[in-house]
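The values are calculated or read from the model by the stated rules, or taken from the named source; none is laboratory data. Every value quoted in this text rests on a predicted model; they were computed, and no experiment measured them. Here the Cβ positions follow ideal geometry from the backbone for every residue, glycine too, while neighbour counts run over all protein chains shown.
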Amino acid sequence: MSVFRFDKNSAPTQDQRERYMIGEIDQKHFGPEGHIVLIEYPEAIYLRDDRQQTRILYTGFKDKHKAFEELERLVGEDEHVTM
């Protein structure tokens, strides 16, 4: 489907929230302070990095794997910065 990137001053639209960010969720925190948050919805994954002030919404089964690739990259950067 699609990948939507948001900066610190924006977030998913009302339409995106109603369309993709519904249903049961599984929320996980990563990083030493838990500032990287991965929220899995049935139709999407929302990845939020509070340190870098970025938010990414991955929609559709085809793009969900990209969320985990980005999560690995962010956690790797975070480990490098905190060392």
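Taking the stretch 52-71 as the range and being of a type in the set (A, V, I, L, M), under 20 Å from Thr13 (Cβ atoms) and not in a strand (DSSP E or B) as the test, only Ala67 passes.
Glu77 meets the conditions (1) at pLDDT below 90; (2) part of a strand (DSSP E or B) in every case but one. The failed one is (2). The test for being assigned to a loop (DSSP other than H, G, I, E, B), of a type outside the set (Ser, Thr, Tyr), without any contact (Cβ under 8 Å) to a residue 40 or more places away in the chain and at negative phi holds for Glu24.
Within the stretch 1-53, take every residue that is β-branched (Val, Ile, Thr) and farther than 19 Å from Val75 by Cα and give me the one that is nearest to the chain's Cα centre (by Cα). Looking at residues that are β-branched (Val, Ile, Thr) and farther than 19 Å from Val75 by Cα, I get Val3. Report, by residue number, each residue of the stretch 41-51 that is in contact (Cβ under 8 Å) with a residue 24 or more places away in the chain and either within 16 Å of Pro12 (Cβ to Cβ) or aliphatic (A, V, I, L, M) (or both). Within the stretch 41-51, Glu43, Ala44, Tyr46, Leu47, Asp49 qualify. Would you mind stating whether Pro12 is of a type outside the set (Gly, Ala, Ser), assigned to a loop (DSSP other than H, G, I, E, B) and crowded, with 17+ Cβ neighbours inside 10 Å? Yes: the conditions hold for Pro12.
Any residue in the stretch 24-38 that is in contact with a Lys or Arg (Cβ under 8 Å, 6 or more places away or on another chain), surrounded by 12 or more Cβ atoms within 10 Å (Cβ to Cβ) and of a type in the set (Val, Ile, Thr)? Within the stretch 24-38, one or more residues are in contact with a Lys or Arg (Cβ under 8 Å, 6 or more places away or on another chain), surrounded by 12 or more Cβ atoms within 10 Å (Cβ to Cβ) and of a type in the set (Val, Ile, Thr).
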